[in-house]
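The values are calculated or read from the model by the stated rules, or taken from the named source; none is laboratory data. What you see is a predicted model; the values in this text were computed from it and never measured. Using ideal geometry, Cβ is built from the backbone for each residue, glycine included, and neighbour counts are taken over all protein chains shown. Note: accessible area is taken over every heavy atom of the protein model, side chains too, but ligands, DNA and RNA are not part of it. Shrake-Rupley method; radii C 1.70, N 1.55, O 1.52, S 1.80 Å.
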Amino acid sequence: MKFVDEFRDAAAVRALADHIGSIVTRPWTIMEVCGGQTHTIVRCGLDELLPREIALVHGPGCPVCVTPIEMIDMAIEIARRPGVILCSFGDMLRVPGSKGDLFDARAAGADVRIVYSPLDALAVARRETEREVVFFAVGFETTAPTTAMAVHQAARLGMTNFSVISAHVRVPPAIEAILSSPSNRVQGFLAAGHVCTVMGIDEYRPIVERCRVPIVVTGFEPVDLMQGVAMCLAQLEEGRAEVENQYARSVRADGNREARRLIEEVFVPADRRWRGMETLPQSGLALSRRYRDFDAIRRFAIALPDADEPQECRAGEVLRGLIKPPQCPAFGKACTPERPMGAPMVSSEGACAAYFRAGRFGAAEAR
Ligand code: SF4
């Protein structure tokens with residue numbers, strides 16, 4: 001298939017690994033930001049093909065994983081209200097809150113439904129006009145446009161029984177937070193290609209200039225990722241710090257203007273706590289003043305205190321690239337995909353789930 005097969009070509013991957021080996025002169029640490037990229041790297045063993053000088057670490061790019069516990073608790077609290085139908089993506093139903101997950105709420109009688117799009121949730125609201133339909137929205141700038149479209153349509157149709165818990169988050173503030181942390185060891189980033197397909201690449205330029213760190217917008221197939229590493233490494237070795245675009249077959253410099261316009265109309269940046277991290281300024285997307293009637297937290301007047309991870313779960317360190325999943329003592333023992341202790345073991349984009357599925361259980365696999 002055009003644009004897929006050639007980016008899964010094993011010989012091309014090996015050739016890129018050889019090229020990377022020929023230009024590296026010293027140790028470097030590079031972070032891929034997206035959970036989809038993490039899964040490709042771990043599933044295909046790309047990190048094991050790289051020379052030992054290059055450490056690939058996994059970033060906070062799984063939106064389900066970074067949704068804070070208190071937002072799960074809010075969704076459960078709203079789902080329990082009489083007359084409410086709570087809709088979300090399947091992964092969200094298994095993410096632990098402080099006292100159980102949305103599946104537990106459903107087992108206890110709450111009407112919690114899995115949907116594949118916010119527009120599906122909107123369709124439920126149009127059918128069930130006597131019920132309050134709430135969409136629990138998660139994701140980076142990639143999924144925000146469809147949530148924005150659902151809210152925009154609900155407003156246009158004059159609907160009063162549809163609202164959204166917006167847990168959408170933005171990538172650039174997360175990169176800035178990682179770079180400004182005293183424990184940071186990341187020297188270059190592979191940015192998520194799909195986010196940049198929507199947002200373009202310009203918002204990374206101030207970070208590159210301020211922090212002198214290369215950022216390479218990268219795709220999701222094995223050849224994409226090896227090319228991204230090679231481009232990032234070339235910058236590091238040459239002392240350059242620029243925004244480069246490996247994923248040019250999908251990403252334009254200014255992104256998708258219509259999707260961006262819709263995001264800017266429906267949402268405003270807001271401070272947001274990330275699971276395992278502190279509150280990051282302007283890192284979330286809250287409903288704008290014009291659409292605030294569709295804000296479920298406001299509509300249901302919910303306010304819950306911040307909640308902490310179980311002490312045994314080291315998701316915060318995993319999400320900041322400080323440890324790899326096999327270095328968590330609970331990995332594969334107390335924490336498995338069947339009995340997850342933390343979100344990175346639940347989500348299809350979570351780093352802990354990626355290592356578990358690839359059978360990478362030992363310290364050697366955590367390089
Ligand atoms: S393996 Fe489980 S307990 Fe450990 S960090 Fe990952 S999700 Fe948390």
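Before moving on, here are some points about what is shown:
- For Ala192, the shell of other residues with beta-carbons less than 12 Å away shows a net charge of -3, using +1 for Lys and Arg and -1 for Asp and Glu.
- Qualifying chymotrypsin sites (Phe, Trp or Tyr not before Pro) for segment 1-64 [loop in DSSP, other Cβ within 10 Å: at most 16]: Phe3
- Cα centre as origin, Lys/Arg/Asp/Glu Cβ charges: segment 1-110 dipole, Debye: 220 debye
- Per-peptide average of other Cβ atoms within 10 Å, ordering 317-325, 158-166, 29-37, 300-308 highest first: 29-37, 317-325, 158-166, 300-308
- 3J(HN,Hα) couplings calculated from phi for segment 209-225 with the Karplus curve 6.51 cos²θ - 1.76 cosθ + 1.60 (θ = phi - 60°) are, in sequence order, 5, 6, 9, 6, 10, x, 10, 10, 5, 9, x, 10, 8, x, 5, 3, 5 Hz; Gly and Pro show x.
- A cut-off of 5 Å between modelled amide H atoms, ignoring neighbours fewer than 5 places along the same chain, links Phe135 with Cys87, Ser163, Val164, Ile165.
- Here segment 109-250 is treated as a sphere whose radius is the Kirkwood value from Cα pairs; by Stokes-Einstein at 10 °C and 1.306 mPa s it diffuses with a coefficient of 91 µm²/s.
- Computed from point charges on the beta carbon alone (+1 for Lys and Arg, -1 for Asp and Glu), the dipole magnitude for segment 42-192 about its Cα centre is near 240 Debye.
- Per-residue 3J(HN,Hα) values for segment 172-180, derived from phi via the Karplus relation 6.51 cos²θ - 1.76 cosθ + 1.60 with θ = phi - 60°, read x, x, 5, 4, 5, 5, 5, 5, 8 Hz in sequence order (x marks Gly and Pro).
- The share of Cα pairs per 10 Å bin across segment 222-264, counted from zero up to the longest distance, runs 24, 38, 27, 11 percent.
- Amide H contacts under 5 Å for Ala286, placed H, 5+ residues apart: Val268, Ala270
- Carbon and sulfur %, accessible surface of the chain computed with the full protein complex present, 1.4 Å: 51 percent
- Percentage of interatomic Cα-Cα distances in segment 1-132 larger than 23 Å: 54 percent
- Tilt relative to the chain, helix 10-23 - C-alpha long axis, 0 to 90 degrees, to 10: 60 degrees
- Ellipsoid equivalent to segment 277-367 - semi-axes via the Cα gyration tensor, in Å: 33, 14, 13
- Of the trypsin sites (Lys or Arg not before Pro) found in segment 1-67, those in coil by DSSP whose Cβ has at most 12 other Cβ atoms within 10 Å are Lys2, Arg52.
- Alpha carbon convex hull of the chain, projected area averaged over orientations, nm²: 18.0 nm²
- Think of it as helices only: each DSSP H run of n ≥ 4 in the chain is worth -39500 (n - 2.57), and spread over all residues that comes to -10500 deg cm²/dmol at 222 nm.
- Angle between the chain longest axis and helix 69-79 axis [Cα atoms, degrees, rounded to 10]: 30 degrees
- Lysines with Cα under 26 Å of Lys99, excluding same-chain neighbours fewer than 8 positions away: Lys333
- Computed from the alpha carbon atoms alone, the convex hull of segment 91-143 holds 95 Å³ per residue.
- Ranking Gln282, Ala330, Cys232 by Cα position along the charge dipole of segment 230-339, where only Lys, Arg, Asp and Glu carry charges on their C-beta atoms, puts Gln282 farthest toward the positive end.
- A Cβ-based charge dipole, computed about the Cα centre of the chain with Lys and Arg at +1 and Asp and Glu at -1, lands at about 440 debye.
- Across segment 344-360, computed HN-Hα scalar couplings (Karplus, 6.51 cos²θ - 1.76 cosθ + 1.60, θ = phi - 60°) run x, 8, 8, 6, 5, 10, x, 5, 5, 5, 4, 5, 5, 5, 7, x, 9 Hz from first to last residue, x flagging Gly and Pro.
- Kirkwood Rh in Å, taken over segment 179-232 so that all alpha-carbon pairs contribute: 11.9 Å
- Label-point gap, in nm, between Arg52 and Ala253 - each point 7 angstrom along Cα→Cβ: 4.3 nm
- Normalised by 2.2 N^0.38 Å, where N is the number of residues, the C-alpha radius of gyration of segment 1-43 stands at 1.39.
- Helix axis angle, 257-266 relative to the chain longest principal axis, alpha carbon, degrees: 40 degrees
- Segment 1-51-segment 146-225 distance, computed between alpha-carbon centres (Å): 22 Å
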